[in-house]
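Let me begin by presenting the structure, written as C-alpha cells, before commenting on it.
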Amino acid sequence: MSKMTMTQKILADHAGLDQVVPGQLIRAGLDMVLANDITGPVSINEFEKAGFDSVFDREKISLVMDHFTPNKDIKSAQQCRQCRIFAGKHRIKHFYDVGKMGVEHALLPEQGIVGAGDCIIGADSHTCTYGALGAFSTGVGSTDLAAGMATGEAWFKVPEAIRFELKGKPGPYVGGKDVILHIIGMIGVDGSLYKSMEFTGEGIGNLSMDDRLTIANMAIEAGAKNGIFMVDDVAESYMKLRMERPYKVYEPDEDAEYAETFEIDLSEIKPTVAFPHLPENTRTIDQVGDIAIDQVVIGSCTNGRLSDMGIAADIMKGKKVADGVRAIIIPATQQIYKDCLKLGYIDTFIDAGCVVSTPTCGPCLGGYMGILAQGERCVATTNRNFVGRMGHTESEIYLASPAVAAASALTGKISGPKGE
C-alpha cells in the first residue's frame, strides 16, 4: 500500500518509481527550471564551467529579470546582459525582461507556465509558491540549477510531511498573509525543516488563489522544503484560464503518513504582524501597541497581486498617507499594473500620496526603491524581516498583510484595517 502524500506522489512519478519513502534519494525529471537576474548569472557560469553547450529543453527554462530591474547600477546591468545573451543563444522561450517582466513568482502562475503535478526547481527560495497550484516546487542552489538546465533532472531527498487541516472561513480583512504568519508563529521558522507543508481540508475553498499563493510562498519561512495545496475547483478554474498544456492533479492516499497534523480554524485568525527580526515573532493586531513607522511597502512575490492592490486601494480611497510616511506600491506584474490602472487603483494610490513603481522585487531584499536608514521602521507585505534585510542593520521591518500595511500608512503607526 502506497501511503504517500501529494509531494511524495509527484516525486515518485517524476523519478519513474511506483513508491518513494521519506529520506529516499531520488533523481527526478523537471517540468520547469527557473532563475532570476541575481541567481541566473551564477548558474550560467556554473553551466559553462561544467562544459555544457545546450539546455535540455528551451521551453522548460524561465529566466526572469525582476530583482534589480530596471537596472539600478552597473553590476545589475551586467548581470541582466549575461542572462540576455544566454537566453538568446539557447533560444529560451520564457525570458522576461524589462517591459514584459514581473516578479517571478507572481508572473509564472499568471502566465500559465506552471501548474498542478509539475516538478519545479528555482534558484530562489520562494519558488515554493507554485505549491498553491498543486505542484512540487522548491528552491535550489545555483549549481543544482545549472545541472537542471542542462539535464532536465535534479536530485532530491524525499521529504516527510506536516499536514495542515484548514477549516472555517477567514473574517473580513483576514487573508493568506495572516494565515501563514499565524502558522509560522505557531510552529517557528524551523518548525517544518526539510518537510513538506501540505494544506488540506474544506477551509481551502474559502481561500482565494491569491491567498493560497501567499501561504505557499512563505512555506520556506517555516523551513519547509515545499508547501502544497490540494487542488479544488477554484485552482482548476485558475489553471484552465491560463495553461495551454495538460496538468495532473495528485491527491494524498487516505492513509498517507504525516509527521504531524495541525488543525487550523480560519475563522479564529486575526490580522497578524511579524515583529523584527524573524517571521515567527508574531503578534495579533490587538497585541501590537503603539509603534510609529517611517515607510510602508505593498508588493513583492508574497503580496503584489491584484487582490492585494484592491484591498489596499479600498482602505486608502479618499484618504491621505500620514505625514512623514513614505508609501511605496509595487504591482507584481505588468498585467496587474494594467488591471490596477483600469480599476482606478493607481489614481487612488497617487491621490493618497503613495508612489507606484513598475514591477520589481526592489526593496524586499534591500535592493533599491525603498532602502531603510538607521533607526527607521517599515511595515512591509514582503516575506522576510531579518536584520538588515531592507537596508541599515539598525532598521526594523514588520511583516503584515496589505490591509494592515495600507491602514498603517494612513495612521503613521502599525494599525489594523478596522482601526484596531
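The values are calculated or read from the model by the stated rules, or taken from the named source; none is laboratory data. The structure displayed is predicted, hence computed values, not measured ones. Cβ coordinates were reconstructed from backbone atoms using ideal geometry, including for glycine residues, and neighbour counts include every protein chain displayed. The protein model used for the area step is the full one, side chains on, heavy atoms only, and it has no ligands, DNA or RNA in it. Shrake-Rupley method; radii C 1.70, N 1.55, O 1.52, S 1.80 Å.
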- Message: Quick one: 3J(HN,Hα) in Hz for segment 119-129, Karplus 6.51/-1.76/1.60 with θ = phi - 60°, rounded, Gly and Pro as x.
- Response: 10, 10, 10, x, 7, 6, 5, 8, 4, 4, 3
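Among the listed pairs 100/240; 60/89; 317/418; 169/270; 169/248, which have their C-alpha atoms separated by more than 19 angstrom in this model?
Values: 100/240 22 Å; 60/89 15 Å; 317/418 14 Å; 169/270 12 Å; 169/248 27 Å.
Going by Cα-Cα distance, 100/240; 169/248 fall outside the 19 Å limit.
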- In nm, to one decimal, how far is the modelled label at residue 100 from the one at residue 125, with both set 7 Å along Cα→Cβ? 3.2
- Note on the structure: Once both label points are put 7 Å beyond Cα along the C-beta direction, the residue 244-residue 259 separation in nm becomes 4.0
- Note on the structure: Once the dipole of the chain is set up from charges on Cβ (+1 Lys and Arg, -1 Asp and Glu), the residue from the list 250, 275, 366 lying farthest towards its positive end is 366
- How much of residue 85 can a 1.4 Å solvent probe reach, expressed as accessible area in Å² and rounded to 10? 90
- Task: Would you work out which of 336, 378, 300 lies farthest towards the positive end of the dipole of segment 288-384, given +1 charges on the beta-carbon of Lys and Arg and -1 on that of Asp and Glu, about the Cα centre?
- Result: 336
- Antiparallel bridges, percent of DSSP beta bridges restricted to the chain (to nearest 5): 20
- Item | Rounded, prolate or oblate (a/c below 1.5 giving rounded, otherwise prolate when a/b exceeds b/c) for segment 286-370 by Cα gyration tensor | oblate
- Task: State the percentage of accessible surface on segment 279-389 attributable to carbon and sulfur atoms; use a 1.4 Å probe and exclude ligands, DNA and RNA.
- Result: 50
- When a/c is below 1.5 the answer is rounded, else prolate if a/b is larger than b/c, else oblate, so apply that to segment 21-173 with a ≥ b ≥ c taken from the square roots of the Cα gyration tensor eigenvalues. oblate
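Give me the 1.4 Å probe accessible area per residue for segment 7-83, excluding ligands and nucleic acids, in Å².
Working: 3420 Å² over 77 residues.
Roughly 44 Å² per residue, with all protein chains present.
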- Message: Only four residue types carry charge here, +1 at the Cβ of Lys and Arg and -1 at the Cβ of Asp and Glu. Report the dipole size of segment 330-420 about the Cα centre in Debye, rounded to the nearest 20.
- Response: 160
- In sequence order, what are the phi-derived ³J(HN,Hα) couplings for segment 93-108 according to the Karplus relation 6.51 cos²θ - 1.76 cosθ + 1.60 with θ = phi - 60°, rounded to whole Hz, with x for glycine and proline? 5, 9, 10, 10, 10, 3, x, 9, 7, x, 5, 3, 7, 8, 5, 4
- Task: Roll a 1.4 Å probe over the protein chains and send me the accessible area per residue for segment 84-164 in Å².
- Result: 28
- Message: Among DSSP bridges having both ends in segment 269-390, what percentage is antiparallel? Round to the nearest 5.
- Response: 25
- Query: Amide H to amide H under 5 Å from residue 161: which residues, 5+ apart in sequence or cross-chain, H placed 1.01 Å off N in plane?
  - Reply: 196, 259
- Which one of 74, 117, 135 has its Cα pushed farthest toward the positive end of the charge dipole of segment 28-135, where Lys and Arg give +1 and Asp and Glu give -1 at the Cβ? 74
- Task: State the volume of the convex hull built on the alpha-carbon positions of segment 211-344, expressed per residue in Å³ and rounded to an integer.
- Result: 181
- Task: Quote the Stokes-Einstein diffusion coefficient, in whole µm² s⁻¹, for segment 1-96, based on the Kirkwood radius over alpha carbon pairs, a temperature of 20 °C and a viscosity of 1.002 mPa s.
- Result: 139
- Query: Taking amide hydrogens as modeled 1.01 Å from N in the peptide plane, which residues meet the under 5 Å criterion relative to residue 67, leaving out close sequence neighbours?
  - Reply: 37, 38, 361
- Query: When the accessible area of segment 77-224 is split by element with a 1.4 Å probe, what percent falls to carbon and sulfur?
  - Reply: 49
- Considering only protein heavy atoms, with the full assembly of protein chains and a 1.4 angstrom probe, order 18, 233, 210 by accessible area, largest first. 18, 233, 210
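About the Cα centre of segment 153-234, how large is the charge dipole given +1 on each Lys and Arg Cβ and -1 on each Asp and Glu Cβ? Please answer in debye to the nearest 20.
Working: 8 positive and 12 negative charges, 34 e Å.
Here segment 153-234 has a charge dipole of around 160 debye.
Taking the Cα centre of segment 196-270 as origin and charging only Cβ (+1 Lys, Arg; -1 Asp, Glu), how large is the dipole, in debye to the nearest 20? Can you show the working numbers first?
On the way: 7 positive and 18 negative charges, 124 e Å.
Once rounded to the nearest 20, the dipole reads 600 debye.
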- Note on the structure: For residue 57 and residue 320, extending 7 Å from Cα along the Cα-Cβ vector and measuring point to point gives, in nm, a value of 5.6
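Helix-only estimate, please: 222 nm mean residue ellipticity of the chain, summing -39500 (n - 2.57) across DSSP H runs of length 4 or more and dividing by its residues, to the nearest 500. Show your work: numbers first, answer last.
On the way: 13 runs with 127 residues, N = 420.
Value at 222 nm, helices only, nearest 500: -9000 deg cm²/dmol.
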